[in-house]
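Working notes, structure below.
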Amino acid sequence: MRRNSSSPEAYRSDIEEPRSTILERIRALILEVAPDVEEGIEHGMLDYPGLANLAAQKNYVALYVAPAVLDRRRGDFTDVDSGKSCLRFRKLEQIHRDALLTLLREVRAYRRAAQN
């Protein structure tokens with residue numbers, strides 16, 4: 001579900017429960033890993049340049065990351081539906097803090113290495 005929000009704040013305020021809580025929990029982990037990242041809107045979803053995208057869909061919240069890194073870490077998310085470059089969170093209980101922090105840190109390192 002693509003949103004036409006003009007700002008991250010507008011995007012986040014448009015999300016209903018339980019997706020709102022899921023989105024905010026994942027967002028907090030993104031900002032913990034990359035407190036310096038400038039949150040924006042790209043392709044109708046929250047954008048964290050060089051790290052991830054976060055989208056609230058009709059029935060889940062999707063976290064989009066580098067496919068190469070997700071492939072290495074997919075086993076840490078056996079209870080989460082996944083695609084080539086995304087994890088789809090339907091329930092708050094699926095957010096495993098340590099596994100997500102590890103994934104996000106590896107994505108950040110991967111992206112930084114690719115820039116050099």
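What follows draws every value from the coordinates through simple rules; no lab data is involved. Remember, predicted model here, so these are calculated numbers, not experimental data. Here the Cβ positions follow ideal geometry from the backbone for every residue, glycine too, while neighbour counts run over all protein chains shown.
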### Task
Could you pull the Rg and Dmax for the chain, using just the Cα atoms, both in Å?
13.2, 40
### Message
Could you order the peptides 72-84, 101-113 from most to least packed, using the average number of other C-beta atoms within 10 Å per residue?
### Response
101-113, 72-84
### Query
Can you work out ³J(HN,Hα) from phi for every residue in segment 16-25, in order, using Karplus 6.51 cos²θ - 1.76 cosθ + 1.60 and θ = phi - 60°, giving whole Hz and x for Gly and Pro?
8, 5, x, 4, 4, 5, 4, 4, 5, 5
### Query
Taking only C-alpha pairs under 8 Å that are 6+ residues apart, what is the relative contact order of the chain in percent?
25
